[in-house]
Amino acid sequence: MGSFMNNTCTKFWGLVVYLLVSVPVSGQPATADSPSLGEAFNAGAPEVEPVVVGRDKWNEKPADQTIESPTPAKEDNEQSNNSRIGELDPLETEQIKPETSILPIEPPKNVPATRIVRNFEGTLVFKPRKLGFAYDFPYQLENSKGKRLAFIDVDQLKAVDPQQFIDSQINVMGKLEAVEEGSDERVIRARVIRPSN
């Protein structure tokens, strides 16, 4: 056991001595022969001097120049005597009036989103005729008070018979569109009809 401890102490002190000797040697600053960081990055690039317009060399001082004031016109002499800044002609502030429009201007109407496929809930009602005239869409979706929300177009339904859901609460997924252009009546182009939970 004593030889093991003696071996361990020898190795430890040997490592400490090695570190004390090697760290200062490897941490020495670089010699003067190696290029500096700036020289290393600009090794192959030619030096470019900045260009200043109106001077031969960028570090020359500008020549003393006096700015000559333009000779005032006869009309401006009166204003210069008053030491006031003259106002601009009103030509720059005049605006062209637009022509009157003949078209009637109407406020925008809230049009329902017709391009979105979404869910509608209500009671499915089958009414094929009204006063002897056949409806284009015999199926209707009504709210709880019996008011028609929209007609239902079942032409795109597959493998589902809407007759099995008559007079029951349903969930219809489809697009909402106007029956005709300019009409207030709406139709749901049904894709899926299922019982409401």
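Could we say that residue 149 is surrounded by 12 or more Cβ atoms within 10 Å (Cβ to Cβ), within 42 Å of the chain's Cα centre (by Cα) and closer than 11 Å to residue 190 by Cα here? The answer is no for residue 149.
Take the residues in segment 152-173 that are part of a loop (DSSP other than H, G, I, E, B) and closer than 10 Å to residue 125 by Cα; name whichever of them is nearest to the chain's Cα centre (by Cα). Filtering first and then ranking leaves 168. For residue 129, the criteria (1) open to solvent by 40 Å² or more (accessible area, probe 1.4 Å); (2) closer than 16 Å to residue 116 by Cα hold in every case but one, which is (2). Figure legend. Inter-residue proximity from segment 164-190: first residues loosely packed, with under 13 Cβ neighbours inside 10 Å, second residues not in a strand (DSSP E or B), beta-carbon distance below 7 Å, spacing 6+ or different chains. Indicated pairs: 185/179.
The values are calculated or read from the model by the stated rules, or taken from the named source; none is laboratory data. All figures in this text were calculated on a predicted structure; none of them were measured in a lab. Glycine also receives a Cβ, built like all others from the backbone with ideal geometry; neighbour counts cover every protein chain displayed. Protein only, heavy atoms only, side chains kept; ligands, DNA and RNA dropped before computing areas. Shrake-Rupley method; radii C 1.70, N 1.55, O 1.52, S 1.80 Å.
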